[in-house]
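Structure record follows, encoded as structure tokens.
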Ligand SMILES: Nc1nc2c(ncn2[C@@H]2O[C@H](COP(=O)(O)OP(=O)(O)O)[C@@H](O)[C@H]2O)c(=O)[nH]1
Ligand SMILES: [Mg+2]
Ligand SMILES: [Zn+2]
């Protein structure tokens, strides 16, 4: 019978089928082949013996958090407490573009902004929308509810950004723990071992502690370059075919930055990632 792994705890896998939720062991053959089933994996199980007999090929997979077959990542981005970080957002987008996973950008804590700050953020929202990304504010619950159907969605973002708060608002029965974070101490702390999928509006969702451990250094530079979709597109008009858009004197991308067609912070992050990979 077909199913999907929604939870794993040491060697026990919880599999959701169209009929039931059932705890299974993986067949020895996986261990011999050095394949570890992942949460999100589509599997075939023998429901009587309670074993996973087969693993379907993956569309994609991530190491941290350990997940397979992700359809989209809901990037929860606070604009205050913690402050908006274009660096983190662009890093995440680059990573997702590279892995062919759709980013959905959700801004939180707009209520904490002054009028002037709000204007600034709205410009940023408009810019990311113009790139073709879905951008949502965390109070647009009606819009948010519609995005989960038949998808595996991962909630990601900095600790304290408001992931659990939003999930609780979407489904009161989740009662996820929320709270202020005490700052730097909590950063980089990961409890990725217990990634678990739960059902939400006809889809599956994972609440993860974030992706701060992923590394853009693992992405080859010519691939990384393509993950900035607008820079890549404008770059076609550069004089040099292999223009890096950094050191060349004549560069269409640089011109577009000057003319405010490319957001300055995007370009700065592009340069930073290309130079240092972070
Ligand atoms: N003012 C304001 N506070 C928020 C908002 N969303 C979440 N919070 C608060 O931010 C803190 C961290 O939220 P939490 O959901 O635990 O963040 P998580 O670490 O991403 O799961 C909590 O105290 C929430 O009450 C929002 O839209 N506005
Ligand atoms: Mg949380
Ligand atoms: Zn160029």
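The values are calculated or read from the model by the stated rules, or taken from the named source; none is laboratory data. All values reported here derive from a predicted model rather than from experimental measurement. Note that we place each Cβ from the backbone using ideal geometry, even for glycine, and neighbour counts take in every protein chain shown.
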note = Counting only helices (runs of 4 or more DSSP H) wholly inside the range 155-270, the ones holding at least 3 residues that are under 30 Å from residue 9 (Cβ atoms) and either within 16 Å of ligand 2 (Cβ to nearest atom) or at pLDDT 95 or above (or both) are 163-170
request  = Take residue 131 and decide whether it is under 22 Å from residue 80 (Cα atoms), away from ligand 3 (no atom under 16 Å from the Cβ) and at pLDDT 95 or above.
outcome  = no
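Given the criterion more than 16 Å from ligand 2 (Cβ to nearest atom), at pLDDT 95 or above and under 14 Å from the mean Cα position of the chain (by Cα), identify the matching residue among 143, 151, 126, 119. Walk me through how you get there before you give the answer.
Working: 143 fails: under 14 Å from the mean Cα position of the chain (by Cα); 126 fails: under 14 Å from the mean Cα position of the chain (by Cα); 119 fails: under 14 Å from the mean Cα position of the chain (by Cα).
Step by step, each of 143, 151, 126, 119 is checked, and only 151 is more than 16 Å from ligand 2 (Cβ to nearest atom), at pLDDT 95 or above and under 14 Å from the mean Cα position of the chain (by Cα).
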query = For residues in the range 27-51 being under 28 Å from the mean Cα position of the chain (by Cα) and part of a strand (DSSP E or B), which is nearest to residue 94 (Cα to Cα)?
reply = 39
request  = Give the residues of the range 90-114 that are within 16 Å of ligand 1 (Cβ to nearest atom), at negative phi and modelled with pLDDT of 95 or more, sorted by residue number.
outcome  = 104, 105, 106, 107, 108, 110, 111, 112, 113, 114
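Could you check how many residues of the range 159-175 are more than 7 Å from ligand 1 (Cβ to nearest atom) and in contact (Cβ under 8 Å) with a residue 12 or more places away in the chain?
Filtering the range 159-175 down to residues more than 7 Å from ligand 1 (Cβ to nearest atom) leaves 167-175.
Next, from what is left, pick out any that are in contact (Cβ under 8 Å) with a residue 12 or more places away in the chain: 167, 169-171, 174.
Matching residues across the range 159-175 total 5.
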request  = Report, by residue number, each residue of the range 162-173 that is more than 20 Å from the chain's Cα centre (by Cα) and surrounded by 15 or more Cβ atoms within 10 Å (Cβ to Cβ).
outcome  = 171
ask   = Within the range 105-153, which residues are part of a helix (DSSP H, G or I), farther than 16 Å from residue 164 by Cα and touching a strand residue (DSSP E or B) at 6+ places or on another chain (Cβ under 8 Å)?
value = 110, 121, 125, 128, 129, 143
